[in-house]
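Derivation of every value follows stated rules applied to the coordinates shown; laboratory data play no part. Predicted model, so just to flag it, every value in this text is computed and none were measured. Backbone-built Cβ (ideal geometry, glycine too); neighbour counts: all protein chains shown.
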Amino acid sequence: MSIETVRVPDLGGAEEVEVIELTVAEGDSVEVEQTLLVLESEKATMELPAPVAGVVKKILVAEGDKIEREGQPLMEIAVSSATEAEVSEGESADASPDEEAPDEEAPDEEAPDEEAPDEEAPDEEAPAREDVSAKREAPPAATGPAADDRADVASDAPVYAGPYVRRLARELGVDLQRVEPSGPRQRVVKEDIQSFVRRRLAEKVDGGANIPVVPSVDYARFGAVSTGELTKIGRITAANMHRSWLNVPHVTQFDSADITELETFRRAQAREGEARGLKLTPVPFILKACAAALRDNPVLNRALDGTAGFVQREYFHIGLAVDTERGLLVPVIRDVDRKGIWELAAEIVEFAEKARTGKLKVNEMQGACFTVSSLGAIGGEGFTPIINTPEVGILGVSRSAVQPVWNGTEFAPRTLLPLALSYDHRMVNGADGGRFLTQVVALLSDIRTLLL
Ligand code: CAO
């Protein structure tokens with residue numbers, strides 16, 4: 001019997017080489033070419049095959065050890081005389097035993113017992129091997145470029161990968177469970193991560209998720225121009241609107257409320273308004289009607305939570321869009337359902353003033369369930385407001401106008417208020433939206449019901 005020392009081979013200049021897996025234990029019998037251990041550098045993972053058959057006598061390194069130099073002894077294999085005779089016979093027949101062991105003779109099939117040390121080694125004995133120790137499930141049949149997406153693999157399936165590959169995956173945000181391994185013994189190697197990332201990036205482009213770029217135009221070619229910059233509020237609004245436009249499938253539904261009686265009542269409050277130092281506009285009535293409709297149509301008072309859930313709010317805070325010189329601001333009027341018309345009117349004036357003088361606090365613009373955007377004082381017959389996502393609804397109010405309405409016997413002059421409800425069709429169905437808007441219309445058309 002003689003002792004064969006297995007040494008670190010020529011590493012081709014690789015640095016920071018580490019022993020990432022020992023596939024045999026002391027006392028194991030090994031065949032020629034059977035994998036003894038796996039080394040990994042930043043460039044590659046390599047298996048070290050047994051140069052001779054015999055019994056592993058001594059293992060001189062542990063998993064996680066850094067390789068110091070080429071030629072460093074790694075393992076000692078006791079070679080029996082019978083085996084030695086075989087080896088020398090083989091050597092005399094062909095001086096290159098390496099080439100005699102083609103890939104098809106993979107030791108996995110040849111010596112299943114020796115090749116399954118992982119099951120024999122409990123995790124407690126080799127915690128560092130936890131991620132590489134269990135046998136990996138056979139990968140699904142590769143079917144081309146998309147086969148890397150292993151969404152079907154159980155998330156707790158063990159993954160064979162060394163520390164460098166794991167670090168690379170972490171840095172790139174790649175879930176190793178989803179990467180198809182191509183390395184030896186179902187090992188994920190650096191190239192697998194790279195091609196995974198390449199494919200995902202290509203998918204993004206092919207999948208149309210990228211937005212075509214609007215070409216820039218030299219407007220000065222066509223006449224005099226000047227340039228300017230968006231205000232900070234303008235930039236934030238632009239980003240929010242873009243996000244909502246891209247994410248939310250908007251539906252906008254239109255109706256008109258007959259506010260003839262509301263207007264008569266409102267005008268009758270002029271003296272009371274003077275006494276309070278307030279002007280009563282249609283907006284507080286609209287807020288009040290929305291709070292009642294949110295209460296009765298709770299789906300509009302939800303927020304989507306991820307793709308499968310929602311949050312049902314039990315409070316009724318409503319944002320009110322305020323036009324300011326610096327841009328659009330949306331203060332939030334809290335607990336609209338519990339406040340009276342005058343109280344709401346006072347808050348609107350206070351918030352509009354704060355918004356226009358830059359005094360709104362951040363928390364006064366948070367927590368809305370729904371938004372009202374009124375262009376009534378400005379004009380227009382209708383517009384399609386963009387939802388302030390993650391809210392699921394917004395009411396756009398346009399300018400009321402006196403119009404002839406058929407009352408069954410004749411046309412009568414009535415004041416009609418055009419309303420447009422935009423809703424997030426992922427959460428709100430047309431029927432929900434229809435019921436909500438119909439209720440708002442009914443409440444504004446008969447304001448006595450608002451008191452109920
Ligand atoms: N139809 C007809 N007249 C209306 C009306 C309507 N729907 N809504 C308000 N008015 C009248 C008011 O009654 C008032 O007239 P009087 O002085 O004769 O009474 C006048 O318009 C001015 O109202 P106001 O603007 O001072 O107050 P308001 O309560 O109507 O609105 C606020 C308050 C803060 C909503 C408003 O000032 C504002 O900023 N609106 C713009 C919101 C906006 O920009 N939305 C778009 C967002 S998306 O880009």
Suppose we filter region 162-202 for residues that are over 21 Å from the mean Cα position of the chain (by Cα) and under 24 Å from ASP65 (Cβ atoms); how many remain?
15
Under 6 Å between Cβ atoms, at least 6 apart or on separate chains: pull out the pairs that start in region 313-328 with a residue that is closer than 15 Å to ALA368 by Cβ and more than 6 Å from the ligand (Cβ to nearest atom) and end on any residue that is β-branched (Val, Ile, Thr) and assigned to a loop (DSSP other than H, G, I, E, B).
GLY319/VAL330
Matching entry among VAL428, VAL397 (being touching a residue at least 60 places away in the same chain (Cβ under 8 Å), within 13 Å of the ligand (Cβ to nearest atom) and aliphatic (A, V, I, L, M))
VAL397
Kindly establish whether PHE222 is within 16 Å of the ligand (Cβ to nearest atom) and either hydrophobic (A, V, I, L, M, F, W, C) or free of Cβ contacts under 8 Å to residues at least 40 places away in the same chain (or both).
no
Might you check whether a residue that is surrounded by fewer than 16 Cβ atoms within 10 Å (Cβ to Cβ), in contact with a strand residue (DSSP E or B) (Cβ under 9 Å, 6 or more places away or on another chain), not aliphatic (A, V, I, L, M) and not in a loop (DSSP other than H, G, I, E, B) occurs anywhere in region 440-449?
no
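Count, please, the residues in region 233-254 that happen to be more than 14 Å from the ligand (Cβ to nearest atom) and either over 23 Å from PRO212 (Cβ atoms) or among the aromatic types (Phe, Trp, Tyr) (or both).
Total satisfying the criteria: 3.
Can you tell me which of THR409, THR415, THR389, THR371 is touching a Lys or Arg at 6+ places or on another chain (Cβ under 8 Å) and either more than 15 Å from the ligand (Cβ to nearest atom) or of a type in the set (S, T, N, Q) (or both)?
Of THR409, THR415, THR389, THR371, the one residue that is touching a Lys or Arg at 6+ places or on another chain (Cβ under 8 Å) and either more than 15 Å from the ligand (Cβ to nearest atom) or of a type in the set (S, T, N, Q) (or both) is THR389.
Restricting to region 342-368, name every residue that is under 24 Å from LEU300 (Cβ atoms), among the hydrophobic types (A, V, I, L, M, F, W, C) and either within 12 Å of the ligand (Cβ to nearest atom) or surrounded by fewer than 20 Cβ atoms within 10 Å (Cβ to Cβ) (or both).
LEU344, ALA345, ILE348, PHE351, MET365, listed by residue number.
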The residue that is nearest to ASN388 (Cα to Cα), considering only those in region 208-241 that are in a loop (DSSP other than H, G, I, E, B) and of a type in the set (Val, Ile, Thr), is THR231
Count - residues of region 270-283 that are out of contact with any strand residue (DSSP E or B) (no Cβ under 9 Å at 6 or more places or on another chain) and either hydroxyl-bearing (Ser, Thr, Tyr) or within 11 Å of the ligand (Cβ to nearest atom) (or both):
5
LYS279 passes all but one of the listed conditions (1) without any contact (Cβ under 8 Å) to a residue 60 or more places away in the chain; (2) in a loop (DSSP other than H, G, I, E, B); the exception is number (1)
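One line per residue, one yes/no per condition, for (1) closer than 23 Å to TRP342 by Cα; (2) more than 34 Å from the chain's Cα centre (by Cα):
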residue	(1), (2)
GLN269	yes, yes
LEU280	yes, yes
ALA289	yes, yes
GLU314	no, no
GLU325	no, yes
LEU328	no, no
Does at least one position in region 381-390 carry a residue that is over 26 Å from the mean Cα position of the chain (by Cα), surrounded by fewer than 15 Cβ atoms within 10 Å (Cβ to Cβ) and among the polar types (S, T, N, Q)?
yes
